[in-house]
Amino acid sequence: MWEIANPTPYEADRAIVVDKHGEKHWVVVVKGTFDIAPDGSTSPAEEQFKVCPGPVYRGKDGESSLLYEQDLQAAKPRTDVIVNGNAHAPHGRPTTRMTVGLGTPLGTKTLAVHGDRRFERDLVGGIVKSPPLPFLTMPIVYERAWGGHDREDPEPANQRMDVRNTVGTGVFARASHAVGKPVPNVELLDGQETPVGFGALCSFWQPRLAYQGTYDAKWLEQRKPLLPEDWDPQWLQCAPVDQQIGPHLRGGERFAVIGMTPGGTLRFALPKHYFGFTTHVGRRSFEHRAQIDTVVIEPDHPRVIVVWHSTLSCHHHIDDIDFTEIVEKQYV
C-alpha cells in the first residue's frame, strides 16, 4: 500500500498532499542528479541525491539560508531554477570585485561580488565602508547579501529585521550598531541596498511570506488544520522571482553559469528525460505525467539536480492506492 516501483537509476519518493479545499492528492517525485561534462553534455551521476522530505538549511534550521527546499509538496506553478555556488576570481588571480551571472531561457541575471569589507567610522565620525580585500573564491549566499536581523538591543521593539532576508548583513536599528560589522559581498551591479542572490528563499521570507495565507482567529475557528482560503500556490516557489520559469521547463533548454567556476563560464543543456507514472488503485490503474518543478545547478562539482513532480487527484480513493510504477520513456 502506498508504495512505488522505481526501476530507473534516479531517486523517487511519494507523499499524500492535502490542498486548501481538503482534497487529497497522491504526489510522486523523481529526482535525478547529473554530472556536467566540459563540453556541456550531462550524464547520470554516480551519487544520486535523495528526495528532500523537508527543507535543508546551510546551518541551523530557520537561522541560516536555505540550501534545498522540500520536494514532497504540491505542484509548483512554474519551474524554480536555483544556483548553489561560489564566485571564482578570473584566471585564478585575486580580485576585489567581479561579476557573476546566470543565463536561462528568461535572459541573463548578473550580480556584483566584492571582497570582504567592514563598516567603519571615518575621521568625522560617519559610517563608511572599508576598501574591499582581495579574494579568490567567495560564497554566493544570503548571509553575504543585504539583509539581516539586528538583535543588539534586547528589547524586540528596538530591533530591526529585513523580512526579505533575515540572515544577511547591512540592516541595523542604529548606525552605531554597524561599526565593525560586515558589508554585503553580493549586490546588484548598481549597489542598491536590497537582498539578492541565486539561491533558494526561505518560506518565511518575503516575497514567499505574502502567499502563505492568513492564519488568524477565523482560521483557527473555521478552517484549522486546512490551509487558509487565501493561501496561494505561489508560496511553493522558492527561487527568486527572476529565476522562476513558466511554462515549466521540459528538458533541453540551455543554461550558462558565469564566473562561478575556475574556467569562467559553464554552459550546458538541461537533461532530456521523460517519465510515465501508472498508479494502481485496486483493480483500476491511472496514468499521470510529471513536470519539472525544480532545477538546482551546483557549478563547483559541476552538476545539475532535476526534480520531476507528478500529482494524481484521488481524494476518495487515497486509501485504496496500492503502488505507482515509474517508467522512463522515450523523450517526446
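Where a number appears in this text, it was derived from the coordinates with a stated rule and is not lab data. Computed from a predicted structure; not experimentally measured. Cβ placement follows ideal geometry from the backbone for every residue including glycine, while neighbour counts extend to all protein chains displayed.
Taking Cα atoms of the stretch 1-103, Rg/Rh with Kirkwood Rh, to two decimals? Don't skip to the end; give the middle numbers.
Values: Rg = 18.2 Å, Rh = 17.3 Å.
For the stretch 1-103, the value is 1.05.
Using just the Cα positions, wrap the chain in a convex hull and report its mean projected area in square nanometres, one decimal place.
Details: hull surface 79.8 nm².
Result: a mean projected hull area of 20.0 nm².
Quick one: what are the phi-derived ³J(HN,Hα) couplings along the stretch 48-61, Karplus 6.51/-1.76/1.60 with θ = phi - 60°, whole Hz, x for glycine and proline?
Result, ordered by residue: 9, 5, 5, 5, 8, x, x, x, 10, 9, 6, x, 5, 3 Hz.
So for D293, D232, D320, fewest C-beta neighbours within 10 Å to most, what's the order?
Ascending number of Cβ neighbours within 10 Å: D320, D232, D293.
Could you size up the charge dipole of the chain around its Cα centre, putting +1 on the beta carbon of Lys and Arg and -1 on that of Asp and Glu, and report it in debye to the nearest 20?
Numbers: 35 positive and 42 negative charges, 139 e Å.
With Lys and Arg at +1 and Asp and Glu at -1, about 660 debye.
Just the Cα atoms of the stretch 190-303: what Rg and Dmax do they give in Å?
19.6, 62
The stretch 196-250 to the stretch 1-65: how many Å between their Cα centroids?
19
Just to be sure I understand the curve: with the Debye formula and one point per C-alpha of the stretch 142-255, what is log10 I(q)/I(0) at q = 0.12, 0.17 Å⁻¹?
-0.60, -0.94
Which percent of Cα pairs goes in each bin when the distances of the stretch 66-193 are cut into 10 angstrom slices starting at zero?
Per 10 Å bin, starting at zero, the Cα-Cα P(r) for the stretch 66-193 comes out as 11, 34, 32, 17, 5, 0 percent.
Give K24/K218; K31/K224; K50/K76 a once-over and call out the pairs whose C-alpha atoms are over 21 Å from each other.
Values: K24/K218 23 Å; K31/K224 32 Å; K50/K76 19 Å.
Table pairs above 21 Å Cα-Cα are K24/K218; K31/K224.
Apply the Kirkwood formula to the stretch 138-178: the hydrodynamic radius equals the inverse of the mean of 1/r over all pairs of different alpha-carbon atoms; give it in Å with one decimal.
Working: mean 1/r = 0.0965 Å⁻¹.
This gives a value of 10.4 Å.
Return F34, F49, F204 ranked ascending by Cβ neighbour count within 10 Å, so the fewest neighbours appear first. List each step's numbers first, then the result.
Values: F34 21, F49 18, F204 11.
Listing F34, F49, F204 from fewest to most nearby Cβ atoms yields F204, F49, F34.
Among the DSSP beta bridges whose two residues both lie in the chain, what percent are antiparallel, rounded to the nearest 5? Write out the running numbers ahead of the final one.
Numbers: 77 of 87 bridges.
Rounded to the nearest five, the antiparallel share is 90 percent.
Rounded to the nearest 0.05, what FRET efficiency do H301 and E3 have when you use their Cβ-Cβ distance and R0 = 25 Å?
Calculated transfer efficiency: 0.20.
If N is the number of residues in the stretch 266-332, what value comes out of its Cα radius of gyration divided by 2.2 N^0.38 Å?
Details: Rg = 15.6 Å, N = 67, 2.2 N^0.38 = 10.9 Å.
Ratio of Rg to 2.2 N^0.38 Å for the stretch 266-332: 1.44.
Translational D (Stokes-Einstein, µm²/s) of the stretch 94-159 at 4 °C and 1.567 mPa s when Rh comes from the Kirkwood sum over C-alpha pairs?
Working: Rh = 14.9 Å.
For the chosen part, D equals 87 µm²/s.
Could you list W235, W26, W2 so that the one with the fewest beta carbons within 10 Å of its beta carbon is first and the one with the most is last?
Values: W235 19, W26 24, W2 13.
Fewest to most other Cβ atoms nearby, the residues stand as W2, W235, W26.
Around D153, with a cut-off of 14 angstrom between Cβ atoms, what is the net charge of the other residues, counting Lys and Arg +1 and Asp and Glu -1? If you can, show how the numbers build up before the last one.
Numbers: positive: R151, R160, R174; negative: D150, E152, E155.
Net charge around D153: 0.
Over all directions, average the projected area of the Cα convex hull of the stretch 230-285 and note it in nm². Kindly include the intermediate steps, with their values, before the conclusion.
Working: hull surface 29.4 nm².
The orientation-averaged projected area of the Cα hull of the stretch 230-285 comes to 7.3 nm².
Working only with C-alpha atoms, what are the Rg and Dmax values of the stretch 24-78, expressed in angstrom?
14.5, 44
How far is it, in nm, from the label point at R118 to the one at T265 when both lie 7 Å from their Cα along the line to the Cβ?
Distance between the two pseudo-spin positions: 3.9 nm.
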